[in-house]
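The values are calculated or read from the model by the stated rules, or taken from the named source; none is laboratory data. Treat the numbers as computed from the prediction; the structure is a model and nothing was measured. With ideal geometry, Cβ positions are generated from the backbone for all residues, glycine too; neighbour counts draw on all protein chains shown.
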Amino acid sequence: MKYFVVDAFAENIFGGNPAGVCVLEKPLSTETMQKIAAENNLSETAFVYKKEVGKYDLKWFTPMVEIDLCGHATLGTAYVVAHFVDTEVEEMEFFTLSGTLNVVRDGDLFKMDFPSRKPQEVPVTEKIIDAIGVKPVAAYLSRDLILELEDGKSVKELNPDFHKVLELEDGLGLVVTAKDKEYDFVSRCFFPKLGVNEDPVTGSAHSSLIPFWAEKLRKQTLIAKQVSKRGGVLNCMDGGERVYISGGVVLYLKGEIFIR
């Protein structure tokens, strides 16, 4: 099985978010894919299976569980397909647990079409404040628990208690975000429930962040930065029922996985 590691939402190697991409010659069992993802031990490993040119089955696994949506591993998969599977393809359809995701090649970038998941406001609890160490401006919930902070500096300097984050009942992940001076907004994303304390760049979280900030800033097109240690820039657009996220990908490794 051909295997690649790519840095997604990156301009240079060792930036953005690394993802494993396995190109399947035949479908694999969920158990086998989960074991491979655990062995790889990246935040996400994608498994792509070609149905025909431009149409592919796609699944994503953390080291612990299968997930229903992953942005950076979709971006990385599109790069691998376009460079190593179907090199002439410009538009790709990926069939996933979140429905059909379309990705368009745009020069050196790849533009993803994702569902919009606008978050709804929820109360700020003492458990939330205790888990992150500061009082957020407001709290919102979609797939993830999203906390708006005062400014970009607060987001960058946040030092959450991951044991307490694990105890929060709401949200698959914990996302902190704020308006920024250099970018339209910044964020950081924490997923200890999935075995990933901090995810470097999280495309799927922007399914919620884009409609939130588009409404708040009254802008359809936004530039976002995830201010993790590795960091990454996302070009975003709010399309109502859908959101559009684009970014660059850099190849780190290509090889082969040997399984019976």
Quiz item: Hey, any hits in the stretch 110-127 for a residue that's at pLDDT 95 or above, outside any loop (DSSP other than H, G, I, E, B) and of a type in the set (Gly, Ala, Ser)?
Solution: no
Self-check item: Some residue of the stretch 8-16 being at pLDDT below 95, touching a Gly at 6+ places or on another chain (Cβ under 8 Å) and surrounded by fewer than 24 Cβ atoms within 10 Å (Cβ to Cβ)
Solution: yes
Quiz item: Given the conditions (1) over 29 Å from LYS216 (Cβ atoms); (2) free of Cβ contacts under 8 Å to residues at least 60 places away in the same chain; (3) not in a helix (DSSP H, G or I); (4) not hydroxyl-bearing (Ser, Thr, Tyr), which single one is not true for ALA82?
Solution: (3)
Quiz prompt | Checklist (1) assigned to a loop (DSSP other than H, G, I, E, B); (2) farther than 29 Å from LYS55 by Cα applied to VAL89, failing item | solution = (2)
Quiz item: Mind checking whether some residue in the stretch 19-30 is under 14 Å from the mean Cα position of the chain (by Cα), over 14 Å from GLY203 (Cβ atoms) and either surrounded by fewer than 19 Cβ atoms within 10 Å (Cβ to Cβ) or of a type outside the set (A, V, I, L, M, F, W, C) (or both)?
Solution: yes
Practice problem: Being of a type in the set (Gly, Ala, Ser) and farther than 18 Å from ASP144 by Cβ is the filter; apply it to the stretch 199-249 and report the residue that is surrounded by the most Cβ atoms within 10 Å (Cβ to Cβ). | Solution: GLY247
Quiz item: For the stretch 31-62, what are the residues that are under 19 Å from PHE191 (Cβ atoms) and within 15 Å of the chain's Cα centre (by Cα)?
Solution: LEU42, SER43, GLU44, THR45, ALA46, LYS59, TRP60, PHE61, THR62
Exercise. Considering only the stretch 58-113, state which residues are among the aromatic types (Phe, Trp, Tyr) and within 22 Å of TYR252 (Cβ to Cβ).
Key: TRP60, PHE61, TYR79, PHE84, PHE94, PHE110
Quiz item: Would the stretch 161-171 turn up any residue that is buried (at least 18 other Cβ atoms within 10 Å of the Cβ) and among the charged types (D, E, K, R)?
Solution: no
Exercise. Please note which strands (runs of 3 or more DSSP E) are completely contained in the stretch 153-254 and include at least 3 residues that are under 16 Å from the mean Cα position of the chain (by Cα), under 28 Å from ASN40 (Cβ atoms) and of a type outside the set (Val, Ile, Thr).
Key: 185-191, 196-199, 221-226, 232-238
Quiz item: Is there a residue in the stretch 133-140 that is modelled with pLDDT under 95, outside the structural domain of ASN41 (by TED's automatic domain parsing) and either closer than 23 Å to ILE245 by Cβ or assigned to a strand (DSSP E or B) (or both)?
Solution: no
